[in-house]
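The values are calculated or read from the model by the stated rules, or taken from the named source; none is laboratory data. Remember, it's a predicted structure, so these values are computed and weren't measured experimentally. Here the Cβ positions follow ideal geometry from the backbone for every residue, glycine too, while neighbour counts run over all protein chains shown. For accessibility, only protein heavy atoms count, side chains too; no ligands or nucleic acids. Shrake-Rupley method; radii C 1.70, N 1.55, O 1.52, S 1.80 Å.
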Amino acid sequence: MANSPRNLPNILITGTPGVGKSTVCQKLAEITDMVWVDVGKLAKDKGCLESYDEEYQCSVLDEDKVLDEMEDMMDEGGKIVDYHGCDFFPERWFDAIFVLRTDNTVLYDRLAIRTQLVCHPQQEL
């Protein structure tokens, strides 16, 4: 931030799906009044999806469109960016990057519950 006109830092929270990125971002946004940017939601809302990958059953981002959408907001500062990857973001955007991890057993259980909720929302767990 020393070379940046931003008054507040930008933070990237990254990690494998299911490690708790959204939970951490939500809590951090609540206690800091910074803005939580869920990149997946932003991409969907702004039409930055390139295609759908049938094998992995997920949408594929148009990274250039995502970067164009985020450029001005990142210049403002005060953003907490939530995404499972970090390789396409410009380093200059971030003042801190945190990679969340968890034990594979815990991760497996979380993803199994998430899959159950998505695939069978009426069933009780």
Check: Before we move on, is GLU71 of a type in the set (Asp, Glu) and either in a strand (DSSP E or B) or under 16 Å from PHE94 (Cα atoms) (or both)?
Finding: yes
Margin query: Can you tell me which condition LEU8 does not meet? The list is (1) part of a loop (DSSP other than H, G, I, E, B); (2) of a type in the set (A, V, I, L, M, F, W, C); (3) open to solvent by less than 20 Å² (accessible area, probe 1.4 Å), and all the others hold.
Written below: (3)
Note to self: Suppose we filter CYS86, CYS25 for residues that are among the hydrophobic types (A, V, I, L, M, F, W, C), touching a residue at least 40 places away in the same chain (Cβ under 8 Å) and either open to solvent by 90 Å² or more (accessible area, probe 1.4 Å) or in a helix (DSSP H, G or I) (or both); which single one remains?
What the structure shows: CYS25
Notebook entry, point to check: Which ones in the stretch 52-70 are among the charged types (D, E, K, R) and surrounded by fewer than 14 Cβ atoms within 10 Å (Cβ to Cβ)?
Noted result: ASP53, GLU54, GLU55, ASP64, ASP68
Notebook entry, point to check: Can you pull out the residues in the stretch 32-51 that are open to solvent by 30 Å² or more (accessible area, probe 1.4 Å) and either part of a loop (DSSP other than H, G, I, E, B) or over 18 Å from ILE80 (Cβ atoms) (or both)?
Noted result: ASP33, LYS44, LYS46, GLY47, LEU49, GLU50, SER51
